[in-house]
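The values are calculated or read from the model by the stated rules, or taken from the named source; none is laboratory data. Owing to the predicted nature of the structure, the values given are computational and were not obtained by experimental measurement. Here the Cβ positions follow ideal geometry from the backbone for every residue, glycine too, while neighbour counts run over all protein chains shown. With ligands, DNA and RNA removed, areas are computed over all heavy atoms of the protein, side chains included. Shrake-Rupley method; radii C 1.70, N 1.55, O 1.52, S 1.80 Å.
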There are 2 protein chains.
Amino acid sequence: MGFTRRKFLSSSIGSIGLSSMIGSIVSSCVEEKKGKKKSVISSNDIILFQGDSITDAGREKELELSNNSNSFGNGYALLTASNLLYTHPDKNLKLFNRGISGNKVFELSNRWEKDCLELKPNILSILIGVNDYWHKKDGLYDGSVEVYENDYRKLIKRTIKAIPNIKIVICQPFILPDTSVVDDSFVEPFKEYQLSAKKIADEFNAFWVPFQEVFDEAVKHAPAEYWLYDGVHAAMPGAHLMALTWLKTLI
Amino acid sequence: MGFTRRKFLSSSIGSIGLSSMIGSIVSSCVEEKKGKKKSVISSNDIILFQGDSITDAGREKELELSNNSNSFGNGYALLTASNLLYTHPDKNLKLFNRGISGNKVFELSNRWEKDCLELKPNILSILIGVNDYWHKKDGLYDGSVEVYENDYRKLIKRTIKAIPNIKIVICQPFILPDTSVVDDSFVEPFKEYQLSAKKIADEFNAFWVPFQEVFDEAVKHAPAEYWLYDGVHAAMPGAHLMALTWLKTLI
C-alpha cells in the first residue's frame, strides 16, 4: 500500500487548500523540523488529544473509550482522529480525547497523571490557552501569561521525563474578533499567550500547529462566526479546517 | 477561486483512495448521470440528511439547528457536512440532519411534512433500510421488502411532487457480517432491500451512494468491526469512508 498511501497523503495535504492563500499560509507556517521526518504515525501508536472545550466538544466522560465517536465528541479531534484511523487501518492506532471544557493549563497539570501519563501516549497533542486569558480578563481567575508559560513548560518537562520518546504537538491557541465573545480588546494581550505557546514548542522541538494564522486567512473567505461561532469555539467548517491543519503539520 | 476549488475537489476525490481497490470500486460504482453535471452544490442550497441511527449519530433534537455540530451528531452526516461547509464558504449553504434512531421507511413518511418538506431542501440524502430488515428478522416488525420498496417509492414521489426540482441522493443501506449484530444469515435477504433501494434510485434518476460496495472493499484492509463496530453502525474510520464516498458521488 506504500505508493497508494503516499498518493492519499499528498491528496490530503492538497485538500488543505480552501484557497491558495490558506493553502500557502498553512504550508509556510507548518515548520519542517530538522532531523524529524514528516508522517510521524507509526504502528501501535497511542495518540492523545488534550485541551479545553474546543477539544472536549461534548465528548462522553464515563467510558472515555479509544477510537470511539461518542468519546471523541464532535469537534476537530473527532475529525482528525477519524481521518487518521481511515488512513491507517493497518497500524493498530489507539486514539484518545481527554479535553475538558473550561480547562486552563494548571487544570491539565492537576489531572495529568490519569489523563495523560497513565495512557502512555506516543503522540500528545495539546490545545490550551484561551481560558487562561479569557477567564483572567473576565475576573474569574488571577493567573497571568507568566503563570501560563511556566505551568506549560513544567507540564511538558514532566511529560518528557515520564515518556522520553513522546512526540509533542503544541497547537496555537486562537480567537477571532468581531464575534459574540471576542472583541478587538482581546487581540493584543492574547498574542502574549500565543507567543508563550510558540516559545514552549520551540524549546521542546515540538510540532507547532498554526491555527491562528490559518483562521486569519479563513476570515477572508467568510465571516469569523462561520469558522468560530462565538470567536472561540469552532463551527463545523472551522473544525474541518483545524483537522486539515493538524494533519498537514504531522503528515 | 475557480482553479483552486477544482484542485481542492480533485484532491478530495483522490483521497477516497484508502487503497487503489477502494478508490476504484468507488469510482466504478459511482454512476455518471446523463445530462446531470457533477458538483451539484449551488449557492443557497438547503441540504438535508435523513435516515435512521446511522445518520442520527447522537444529534441533539431540541433545537435541530442548521450547520451546527451538536445538531449534527458525530457520524457521517457531520463529517460530510463539515467538509461541504469548509469547501464552500461563499455559497451560504444550510445543512440539516434529521435522522432518527430506529427509523424504518414508514417512520420517515410519518414525519416527512415536518422533517423534510417544511425545510424545502434542494438536496435530500436518504439512508434507510437496515431496520426495515433487521426489526423484521427480530420479530419486532411485520413489514417486508415489498412494503419497504413501495413505501420508499411513495415517499420519493410525494417529495418530488412537493419540491419538483429537488435533487435526491439514495444511499445504499449496508451491513457487515462477522460482527456482534450481523451474521451470514443477514446477507442474502438484505440484498433484496439493497436491490429495492437501487431500483428506487434508478426510477427517479437519483444519485446512488454505494456504501455496501465500499465497505466490502474496506474489510480487505481491517476487520469488519474496524469500520462498522457492530456490523450496522459506523465506527470513526467507517464514518470517514462514508463521507468521502458521499462526496465522491455528488462532487
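The residue pairs whose first member lies in segment B:181-210 and is in contact (Cβ under 8 Å) with a residue 12 or more places away in the chain, whose second member is open to solvent by 60 Å² or more (accessible area, probe 1.4 Å) and part of a strand (DSSP E or B), and whose beta carbons are closer than 9 Å, counting only pairs six or more residues apart or on different chains, are B:206/B:167; B:207/B:167. Condition check for residue A:141 on (1) without any contact (Cβ under 8 Å) to a residue 60 or more places away in the chain; (2) in contact with an Asp or Glu (Cβ under 7 Å, 6 or more places away or on another chain): one failure, at (2). For residue B:70, work out the one condition from (1) of a type outside the set (Asp, Glu); (2) touching an Asp or Glu at 6+ places or on another chain (Cβ under 7 Å); (3) more than 10 Å from every other protein chain (Cβ to nearest Cβ); (4) free of Cβ contacts under 8 Å to residues at least 40 places away in the same chain it doesn't fulfil. Failed condition: (3). Candidates are the residues of segment A:226-236 that are of a type in the set (A, V, I, L, M, F, W, C) and in a helix (DSSP H, G or I); the one that is farthest from residue A:178 (Cα to Cα) is A:236.
Entry remark, segment B:83-108: residues being within 13 Å of chain A (Cβ to nearest Cβ) and touching a strand residue (DSSP E or B) at 6+ places or on another chain (Cβ under 9 Å) number 7 in total. Can you confirm whether segment A:109-118 contains a residue that is at pLDDT 95 or above, of a type in the set (A, V, I, L, M) and surrounded by 18 or more Cβ atoms within 10 Å (Cβ to Cβ)? No, every residue in segment A:109-118 fails to be at pLDDT 95 or above, of a type in the set (A, V, I, L, M) and surrounded by 18 or more Cβ atoms within 10 Å (Cβ to Cβ). Yes or no: segment A:205-214 includes at least one residue that is facing chain B (nearest Cβ under 9 Å) and assigned to a helix (DSSP H, G or I). No: segment A:205-214 contains no residue that is facing chain B (nearest Cβ under 9 Å) and assigned to a helix (DSSP H, G or I). Check B:237, B:189, B:177, B:223 and return the single one that is within 14 Å of chain A (Cβ to nearest Cβ) and surrounded by fewer than 21 Cβ atoms within 10 Å (Cβ to Cβ). After applying the criteria, what remains is B:223.
Looking at segment B:139-162, is at least one residue more than 14 Å from chain A (Cβ to nearest Cβ), touching a strand residue (DSSP E or B) at 6+ places or on another chain (Cβ under 6 Å), open to solvent by 20 Å² or more (accessible area, probe 1.4 Å) and not hydrophobic (A, V, I, L, M, F, W, C)? Scanning segment B:139-162 turns up no residue that is more than 14 Å from chain A (Cβ to nearest Cβ), touching a strand residue (DSSP E or B) at 6+ places or on another chain (Cβ under 6 Å), open to solvent by 20 Å² or more (accessible area, probe 1.4 Å) and not hydrophobic (A, V, I, L, M, F, W, C).
Exactly one residue out of B:222, B:239 is outside any loop (DSSP other than H, G, I, E, B) and at negative phi, and it is B:239.
Here residue B:58 meets each of (1) at pLDDT 60 or above; (2) in a loop (DSSP other than H, G, I, E, B); (3) under 17 Å from the mean Cα position of the chain (by Cα); (4) farther than 25 Å from residue B:134 by Cα with one exception, condition (4). Within segment B:58-93, if we keep just the residues that are of a type in the set (A, V, I, L, M) and open to solvent by 20 Å² or more (accessible area, probe 1.4 Å), the residue that is nearest to residue B:250 (Cα to Cα) turns out to be B:65.
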